Structure formats: structure tokens, C-alpha cells
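Data first, discussion second: the structure below is written as C-alpha cells.
The values are calculated or read from the model by the stated rules, or taken from the named source; none is laboratory data. From a predicted model like this one, the values you see are computed outputs, not experimental measurements. Note that we place each Cβ from the backbone using ideal geometry, even for glycine, and neighbour counts take in every protein chain shown.
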Amino acid sequence: MEIQVYELLRDNWLLLLFLVLGLGYLVGNLRIFGTPVGPTIGVILAGLVFGHFGLSMNAGVSSFGFALFIFSVGIEAGPSFFSAFREDGPKYIALAAIVAVTGFTMARLLAHVFDFEPGFDAGLLAGALTSTPTLAGAQDAIQSGLATLPEGVSPAQALENVGVGYAITYLVGTVLVILVIRQVPSLLGIDLEASARAYARERGLVKTDDARSVSAEMLPMIRAYAVLPGTGGKTLAQRAAEVGQAGTPLRVRRGNELLDPDPDLALEDGDIVSLIASLQTHRWAQEHIGPEVLDTELLDFRVGASAIIILAPHVVGRSVRDLDLPRTHGCWVTGIVRAGIELPASDDVVLHKGDRLQLIGEEERLRELAQEIGYIEEEVEETDLVTFSFGIAGGILLGLFVFKLGGLAIGLGTAGGLLLMGIAIGYLSSLNPTFGRVPGAARYLLKELGLTLMMAAIGLNAGGGIVEGLTQLGPAILLSAVGVAIVPLAVGYAAGRKLLKLNPALLLGSLTGAMTSTPALSVVTGAAKSGVPAIGYAGTYTFANVMLTFAGAYMLML
């Protein structure tokens, strides 16, 4: 049996699509200078290769992926979008705006200098800034009719120009951002590790030099102790005040009776009390309460781990230390994730709405804590597809509204409508978890699937013009990519240091967020040997996604 591979792929778009996705992920696993290429670049490169040989993809695939991606970005940003104004929120907004405006100006200027065809300027901005939301906004402006195209340039040609410009400059932008971020500390004589430590000390993010020993010491365990003769009479609250480390009583045995651990309960000689506490607290208990006792009823508890999503207003804006969870609930914080970025698990991190708090503690107390401050993420398994579907439909309808101001048409476009609708639903879901629920794993899948579908379609449809584009634009588009990638970083760094007075480690992390470059963040955190840069990344990333989405659309509306 003879199989014509080319005809098979040409006639079976589903086979072609998943072949490009699979090969793209394999390419994305490769490393350049120790940094993974990443699935975004891998998929678009695989698509360009197949597209160069005349294979293409239906535009509907890109539109479907675009809707999933932008809407999921909005849902992810929603819970923390408004609460991000706390702490350094205004500085993050300002920095994201500086990078977006500078990049927009550079792309517009260079496109005029080199006389690029319509669409290449938006593709240049999206690729050099490694901003997929910018690409989505630009494509939507063309497809929705908001773009102002000169006579003789069809929407199809403008779309191809956007895709080709993005494909050519994305790799350049990614590599340049990583290289610049990596070299800035040495060029400017900055000790990034010292800067990160200084910020950590200033914000109380450092506990001790030996993180591993602290982690081992703080792992909770459940033990039971008999009250020494002659030491009774003190209440559980008084005993708790004597403890040098954190711990919580779980149950008290008095003869054959089991008592709840009321803080006002006075311990008597011969009582047996079970505690969930750190290793240090158990050492104290052995010395000051009494000998350890094996009592199955007192030890009939299970220590578990849960991820709780922060929602309660009385928790938002407070530090982990202020909550004092080991003493009040017998729960220990082991990790904090904000907008998909892991933050230092420190007592002085101030919590935002939508933060994912990873905890270890007694299972019943974890559930009680979740009811007070939010909900356990693992317990939300089903996606609210009704709200998700109507949300996308509503976002598309919202994007159709256009206002005329003189001869200028102003509208959100589908990208803006979906993004804002996603933010609204994400925020409302943070107020009521039963509404519009999208579990973290489902949100990641939808966002990643949408992004890679977009990249596959863009690569396939731009592949036919990639060689011609490189031939026509040649050094001009590559030189422009260098300018659009580096100048916003330079201006942003100068403004961040001189005007916003940001710590260098925090600033570099913030700049990677403003450029929406996760690979660059991994370089900064590695060089700083600290999670401090991730705090800045999470701060600017949310606002940058919104600003750059509208920047891509506005680029084609001028």
C-alpha cells in the first residue's frame, strides 16, 4: 500500500494539526544556553516548516484557540486584578504602561522608517515583546473590521503580514530578552543575589540561611502527652502562651472522657492532651507538659495537604504572619502561588485575593480553615461550562460594539471583549466560588490549548510567506526586533530605578512580567537564587496582558 504523505496531510487538517502540536512540543523541550525553547516557539517553528511546503490551516482553528486563550487569561487575572493595587500595585501598573507605550512607539516608528506593509508593525510589536495577547488583539482588529487598512491591502494579506512579522521576531525577542536580563547585572555592576536578599530582609521574607532545616523543623506532627503531677491548673490558652513555637491542641482525655480543646479549659494532673505542632514545639512539650503517651483515640487524626484559594476580605491584605495559622488552626503554609507564579513561602508575604495557599495540617482543621478564608482547590473538579460558554459569547458580543468619534471608530474588539469578560467572571468567581468555577488544572489546559492552537495555525498560514518576508524585509525586520525588544527594557529599567525606586531584583522580575516572558523570569530567579523576582513578575504580568492586548489592536486602527 502506497501512502502519499503530503496529500494525506493536506486533506486531513486534524492529523496535520496534532502532528504540528506534537512535534512543536518536542522541539520546545530542547534547550538553548540552558533555557528551554518552550512550546510556543516549538509549535510555531513546526508550523512554519509545514506551512513552507504549502500546507495551511483553516482560520477557524486560530479563532477558536484565540477565544480560549484570551478568555482564560482574563479568568486567571480576574481574582487578583483589582487587589493587585495593594503594596506596589501603582508601580507595577506604571512599569507595565512604560514598557507597553515604549514598545508601541518603537514598533510604529521603525515600521514607518523601513516602510513595512500594514500588519508587520503589529506582528513586530507582538513578537519582539514576546506578547501573544498583542498578536491576538492585532488579528482580531483585522478580522472584526476595526483595522484601518490602506487601499490595495486586503484583510487576508494584513493577517499574513501580522503572522509573518510575529513568527520572524518572536524568537529574536525571546532570546534578546533572556540575554539582556542575564547580562544587565554584570554590565551595571549589580549583585543580584545581594539585592534579592536585601529586599527579602526589608520585607521580612527571610527566616534563616538554612531553608531545608527550617522546612524539616516546621513539618507538623501529632503527639499526645500526659500532664505531669503538680503542673495542672493552667488553661490551654495559658499553656499555648508559654510555647516558644507554634502548635494547636486537638483533644484532651480526662479519665474516660474526651474533651474538646476549649482555650479556657484548665488542664488537671493526669490529663492527656494531643497536639499538632512542629518538631520544636514537641520538644518543648516533652520537657514542660509531660511524657509522651500512645493513645489511639487522641492520635486518631490525619495530617494532610491542601491548596486553599484565598477569597475572604478579612484575609486579603494581611500577611501570613498576621493570620498565625499554626496557633489558630494547626495549619502550616508551605507555598504561595499568585497568577501562576510561585512566591517565597514567607510569613511576611501579603496575601491577595485569588492567591493559592499551599498548607499542611490536620485534615478537619484544613477544611474548617478553607470555609473561613476561601475554598479547597482540589474539591472544585468540575468546570462551569455554562458560564464559560456564555462568557465567551458575551465577550464576543461586547467586542462588537463600536463607537464613532468623528471619523474614528472606537471599540474593544473581540480580544478586548473576551479579556474584560474573563476578568469580570474571574473576579465574580472569587466572590462566589460556585459561580463560573474553572479549576486550576482546567484553566491551565484551556489556556495552553488555546495558545498552541493559535501558534500552530499562525505558523502553518505564515509558513508560505516566511521566506518571501525574510527576503523582502531581511535585516530591517531583525534590526527592528532588536530595537523593540531592547529599548523598552532599557527605558523600563531606568524608570524603575530612578522614578519608581524599585529594588533591582524585583525590577528585573517586573520587567519580564511586563514583557510577558516566563523564560526570562526563570533566568532572573536563577541568577538571584531567590523567589523575589517572581513577586515583581506577578505584579506586572496581569496589567501587561490587558495593556498589550489593546496595543495590538490600536496599532492597526491608526
Legend entry - Yes/no for Thr231 being farther than 23 Å from Asp300 by Cα, surrounded by 13 or more Cβ atoms within 10 Å (Cβ to Cβ) and in contact (Cβ under 8 Å) with a residue 12 or more places away in the chain: yes
Inset, instruction - May I ask you to list the residues in the stretch 87-123 that are among the acidic types (Asp, Glu), surrounded by 18 or more Cβ atoms within 10 Å (Cβ to Cβ) and over 27 Å from Met454 (Cα atoms)? - result: Asp88
Inset, instruction - With the condition kept exactly as written, say whether any residue in the stretch 469-490 is farther than 29 Å from Leu159 by Cβ and part of a helix (DSSP H, G or I). - result: yes
Inset, instruction - Assess whether Ala462 counts as being small (Gly, Ala, Ser), over 30 Å from Asn161 (Cβ atoms) and in a helix (DSSP H, G or I). - result: no
Legend entry - Search result, residues across the stretch 144-160 that are surrounded by fewer than 24 Cβ atoms within 10 Å (Cβ to Cβ) and in contact with a Gly (Cβ under 9 Å, 6 or more places away or on another chain): Ser144, Leu146, Leu149, Val153, Pro155, Gln157, Leu159, Glu160
Inset, instruction - Give the stretch 500-514 a look and list any residue that's more than 13 Å from the chain's Cα centre (by Cα) and in contact (Cβ under 8 Å) with a residue 12 or more places away in the chain, or say none. - result: Leu500, Leu502, Asn503, Pro504, Ala505, Leu506, Leu507, Leu508, Leu511
Inset, instruction - Report yes if some residue within the stretch 26-43 is modelled with pLDDT under 75 and among the charged types (D, E, K, R); otherwise report no. - result: no
Inset, instruction - List the strands (runs of 3 or more DSSP E) that sit entirely inside the stretch 370-434 and contain at least 1 residues that are at pLDDT 80 or above, outside the structural domain of Thr134 (by TED's automatic domain parsing) and within 29 Å of Val320 (Cβ to Cβ). - result: 374-376
Inset, instruction - Mind telling me which of the residues Glu87, Glu76 ends up being more than 25 Å from Gly173 (Cβ to Cβ) and modelled with pLDDT under 85? - result: Glu87
Inset, instruction - Report, by residue number, each residue of the stretch 506-531 that is of a type outside the set (Ser, Thr, Tyr), under 14 Å from Leu343 (Cα atoms) and not in a helix (DSSP H, G or I). - result: Lys529, Gly531
Inset, instruction - For the stretch 317-342, enumerate the residues that are under 22 Å from Thr542 (Cα atoms) and crowded, with 21+ Cβ neighbours inside 10 Å. - result: Ile336, Arg338, Ala339, Ile341
Legend entry - Count of residues meeting criterion [of a type in the set (Asp, Glu) and surrounded by 15 or more Cβ atoms within 10 Å (Cβ to Cβ)] in the stretch 282-297: 1
Legend entry - Tally of residues being buried (at least 23 other Cβ atoms within 10 Å of the Cβ) and outside any helix (DSSP H, G or I) across the stretch 435-459: 2
